[in-house]
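Accompanying notes for the structure given below.
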Amino acid sequence: MTTAKGAVLYEYNKPVKVQEVELPEPGPGLVLVKMMSSGVCHSDWHVVKGEWPSVPMPTVLGHEGAGVVEEVGQGVTTVKKGDHVILSWMPQCRVCEMCVKGFPQVCLNPVRMTTQATVKGSNDKVHMLSGLGTMATYNLVTEAAAVPVDKAMPFEQASLIGCGVATGVGAAINTAQVQPGSTVAVFGAGGVGISVIQGARIAGASMIISVDMLDNKLQMAKEFGATHTVNPKAGDAVAKIKELTGGLGVHYAFEAIGLVEGPFVQAIEATRNRGVTTWVGHSPEGLMLNISARALMMEKTIIGSMYGSSRPHVDFPRLVSLYQTGQLKLDEFITKRFSLNQVNEAFAALGSGQVARSVLTLA
Ligand SMILES: [Zn+2]
Ligand SMILES: [Zn+2]
């Protein structure tokens, strides 16, 4: 039995409680990870606000994190004690049709450990968000969720790769496959939008237009590679994007907000003929879209991107090496650091839109 301290949500819109939970010894195929850092992602915030009602309560929050393997269960072969790992919230089964075809991000049978923890001193079950619950000092995960990476990679930067960075950079590089010299528009300049911008820059786009309602976020977008910015408050964003691209629209447009219909429809309108519009990440439950059929006549491709079409065992080490060679900026991303006890402050900072990303330092 391992005692971990974790950030537990009992009720929507209530402060998160930091309390001790107990994890059993790692059984066959399981890996016990001593957590070092967890990112604070918008998805956690959606859960806190009750916007994803399918998440069971109580739950240990957090789904992007990095740490050190403490112990492995029987039959585990891909990681060993002492390995540094980034956790994946899409632990692929490796044998379904999608996994075999090379698309583990849409695995038909992901194996998530979600119900193994109990509140210390009781039998009360605590769920682990997305089978991880990274906002805790220890974590028990299925083998495929623990992706080994270079030990030289700092934990805080590594923890960001596990969700927002893989999702955003991957949407540009893997899903849309942005080509050198192409033009790109990214709606939303939060953690994921900034990562899409970085992916487009790494892929060699010549024009990257960041679209956001907040000027401080547009300023930040420029530091990560946006060549132009558009604030829809100052006028029609689609018209502005067309003006910047000789009336044609961009080759690739991305919606990285995920809240409302408008920006996605605008992203489609801002995409040129035969261009690609990508919906990045999680859409809210129940959101419907009204898309012009005429837009589709011009042979536009509209595609969803799950986890940045990431194959974690390929993409996490690749993102680590992009960071180590100075191409992927992560240091600049971490605008605030909090302890686990300050988790509610971390959410408040996220909610106010003043941070690119904050991390919880766990050890
Ligand atoms: Zn699978
Ligand atoms: Zn996330």
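Taken together, the values in this text are just the output of simple stated rules run on the coordinates, not laboratory data. Given the structure is predicted, the values throughout are model-derived calculations rather than measurements. Using ideal geometry, Cβ is built from the backbone for each residue, glycine included, and neighbour counts are taken over all protein chains shown.
Over the chain, Cα pairs under 8 Å with separation of 6+ residues give a relative contact order of 18 percent. Where only DSSP H runs of four or more residues are counted, the chain gives -6500 deg cm²/dmol as its mean residue ellipticity at 222 nm, each run worth -39500 (n - 2.57). Placing +1 on each Lys and Arg Cβ and -1 on each Asp and Glu Cβ, with no other charges, gives segment 168-306 a dipole about its Cα centre of roughly 300 debye. Measuring nothing but how far apart in sequence close Cα pairs (under 8 Å, 6+ apart) lie, relative to its length, segment 226-336 scores a relative contact order of 20 percent. 3J(HN,Hα) along segment 181-196: x, 8, 10, 9, 10, 10, 8, x, 10, x, x, 6, x, 4, 5, 4 Hz, from the Karplus curve 6.51 cos²θ - 1.76 cosθ + 1.60 with θ = phi - 60°, whole Hz, x for Gly and Pro. Comparing LEU132, LEU289, LEU319 in a Gaussian network model of the chain where C-alpha atoms under 10 Å apart are linked, the largest mean-square fluctuation is found at LEU289. Over 23 Å between C-alpha atoms is what I'm after, so list which of LYS14/LYS125; LYS5/LYS329; LYS17/LYS336 land there. Among LYS14/LYS125; LYS5/LYS329; LYS17/LYS336, the Cα-Cα distance tops 23 Å for LYS5/LYS329.
Partner lysines whose Cα lies under 20 Å from the Cα of LYS81, excluding those fewer than 8 positions away in the same chain, are identified as LYS34, LYS151. Apply the Kirkwood formula to the chain: the hydrodynamic radius equals the inverse of the mean of 1/r over all pairs of different alpha-carbon atoms; give it in Å with one decimal. After inverting the pairwise mean of 1/r, the radius is 20.6 Å. Partners of LYS300 within straight-line reach, counting lysines whose Cα lies under 26 Å from its Cα and excluding those fewer than 8 residues away in the same chain: LYS101, LYS240, LYS242.
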